[in-house]
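Step one of this worksheet: look at the structure below.
The values are calculated or read from the model by the stated rules, or taken from the named source; none is laboratory data. On a predicted model such as this, the values are computed, not experimentally measured, just so you know. Using ideal geometry, Cβ is built from the backbone for each residue, glycine included, and neighbour counts are taken over all protein chains shown.
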Amino acid sequence: MPEAEPATRSTPAQPVHEHHHRKVQGGAARAAVFGVSDGLVSNVSLILGVAGANPGPGVVRLAGLAGLVGGAFSMAAGEYVSMRAQTELLERELELERTEIRRRPELERQELAAIYESRGIKPDVAEELATEMHRDPNLALETHAREELGIDPSELGSPVQAAVSSFLAFAAGAVLPLVPWFFARGTAAVVASVVTAGLVAVGVGVGLSAFTGRSALRSALRQLAIAGAAAGVTFAVGNAVGAGVT
């Protein structure tokens, strides 16, 4: 009598591990993060540079407000122009690609297959993939944009959103070291402004570390060192050049 085969034990299917990536290419997020840093460093430097000459607190407030408004508009305008130029360039490239796919679909299909082959995919598989991608013109355009231009046609960025975000972020960073000058004067205002700027710089560094995944302590110290160096130099220059000015 033949021996019965042992029953095979079915193993439960292992759950598929999924990981999610942060969206790091948005223009608004980038402008906001660096806008706060730029606003803080530039305005605390301006404020302390003027304060180093020992003028009245009204002069420091005026300089700080001018730096805040002028810097915020400058940042927003620069971000808008930059993003608009980039978007228009990418849109032009996408239109050229769209035209080529419409006029020369076979050549574009072969080009896509060649790209896949250059990345190590077997020729027959590359041909099959390229053929599948070209069944839908919109999918073909998206695929060529990713493979040739390195972009996602649906995520070119918003110039207006980036400009507004940049303006608000710069203003937020610039106003904080200015606040003490509305309530104090002289050495007390300088110390309060320095402490405020230092705390904000640390906060920006920690925020950047959360965004990049790097060491929070290292990012905070780096941001603090940058802000401290800029403020220290301008204060020393203001004190040397404006000595005796009232």
**Prompt:** Quick one: is Pro105 more than 18 Å from Asp152 (Cα to Cα), in contact with a helix residue (DSSP H, G or I) (Cβ under 7 Å, 6 or more places away or on another chain) and without any contact (Cβ under 8 Å) to a residue 60 or more places away in the chain?
**Reply:** no
**Conditions (1) in a helix (DSSP H, G or I); (2) modelled with pLDDT under 85; number of the one not met by Ile121** = (1)
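If you take the residues in the range 129-176 that are among the charged types (D, E, K, R) and in a helix (DSSP H, G or I), which one is nearest to the chain's Cα centre (by Cα)?
Kept after step one, since they are among the charged types (D, E, K, R), are these residues of the range 129-176: 132, 135-136, 142, 146-148, 152, 155.
Those left that are additionally in a helix (DSSP H, G or I): 132, 142, 146-148.
Working: Glu132: 35, Glu142: 24, Arg146: 21, Glu147: 23, Glu148: 23 Å.
Ranking the qualifying residues of the range 129-176, first place goes to Arg146.
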**Prompt:** What pairs come up if the first residue lies in the range 126-151 and is touching a residue at least 40 places away in the same chain (Cβ under 8 Å) and buried (at least 20 other Cβ atoms within 10 Å of the Cβ), the second is part of a helix (DSSP H, G or I) and among the β-branched types (Val, Ile, Thr), and their beta carbons are under 9 Å apart, counting only those six or more places apart or on different chains?
**Reply:** Leu141/Ile101; His144/Ile101; His144/Ile115
**Item:** Enumeration of residues in the range 25-79 that are at pLDDT below 90 and among the hydroxyl-bearing types (Ser, Thr, Tyr)
**Value:** Ser37
**Request:** Kindly establish whether Leu208 is within 18 Å of the chain's Cα centre (by Cα) and either at pLDDT 90 or above or in a helix (DSSP H, G or I) (or both).
**Result:** yes
**Message:** Suppose the filter is part of a helix (DSSP H, G or I), free of Cβ contacts under 8 Å to residues at least 60 places away in the same chain, surrounded by 14 or more Cβ atoms within 10 Å (Cβ to Cβ) and touching a Pro at 6+ places or on another chain (Cβ under 8 Å); does Leu62 pass it?
**Reply:** no
**Message:** Looking for something farther than 24 Å from Leu224 by Cβ and buried (at least 22 other Cβ atoms within 10 Å of the Cβ) - is there at least one such residue anywhere in the range 179-193?
**Reply:** no
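Just need a number here: residues in the range 211-223 that are assigned to a helix (DSSP H, G or I) and either buried (at least 19 other Cβ atoms within 10 Å of the Cβ) or of a type in the set (D, E, K, R) (or both).
5
So if I check each of Arg92, Arg109, Arg98, which one is surrounded by 15 or more Cβ atoms within 10 Å (Cβ to Cβ), in a helix (DSSP H, G or I) and modelled with pLDDT of 85 or more? Quick ask: steps written out before the conclusion?
On the way: Arg92 fails: surrounded by 15 or more Cβ atoms within 10 Å (Cβ to Cβ); Arg109 fails: modelled with pLDDT of 85 or more.
None of the others qualify; the one that does is Arg98.
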